Amino acid sequence: MIHRLNFATMVLALKDNHRVAVTIPALKIVEVIGPAEDDRFVVISVDGERFHVFVSDLADRASQLEGSQKEL
């Protein structure tokens with residue numbers, strides 16, 4: 001599923017074996033790769049990097065692009 005972020009969104013990245021919060025800017029295109037180990041999150045790809053984002057944040061802060069697969 002491909003989405004466009006309507007608002008800047010905080011996501012989690014794994015850096016140096018620690019989870020850190022980073023902000024993905026509004027209007028970025030993100031691709032949902034699949035579920036995370038924790039069912040509150042999905043794994044997304046942004047510019048070739050992978051992040052975890054809350055399913056609820058993606059639903060509230062992004063729009064699924066036309067022609068993309070099913071809704072969250």
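Per the 1.4 Å probe, what fraction of the accessible area of the chain, in percent, lies on carbon and sulfur atoms? Looking at the chain in its full context, I get 51 percent from C and S. Close amide H contacts of LYS28 (hydrogens built in the peptide plane, cut-off under 5 Å, sequence separation of 5 or more or a different chain): LEU5.
Dimensions of the chain along the principal axes, based on C-alpha atoms and rounded to the nearest Å, stand at 36, 23, 21, largest first. Considering helices alone, the calculated mean residue ellipticity of the chain at 222 nm is -2500 deg cm²/dmol, with DSSP H runs of length four and up weighted by -39500 (n - 2.57) and normalised per residue. Phi angles across segment 51-65 convert, under the Karplus curve 6.51 cos²θ - 1.76 cosθ + 1.60 with θ = phi - 60°, into 3J(HN,Hα) values of 9, 9, 9, 4, 4, 5, 5, 5, 5, 7, 10, 9, 10, 6, 7 Hz, Gly and Pro given as x. Using Cα pairs closer than 8 Å and at least 6 residues apart in sequence, work out the relative contact order for the chain, in percent. It rounds to 36 percent for the chain.
The values are calculated or read from the model by the stated rules, or taken from the named source; none is laboratory data. The structure displayed is predicted, hence computed values, not measured ones. Accessible surface areas use protein heavy atoms only, side chains included; no ligands, DNA or RNA. Shrake-Rupley method; radii C 1.70, N 1.55, O 1.52, S 1.80 Å.
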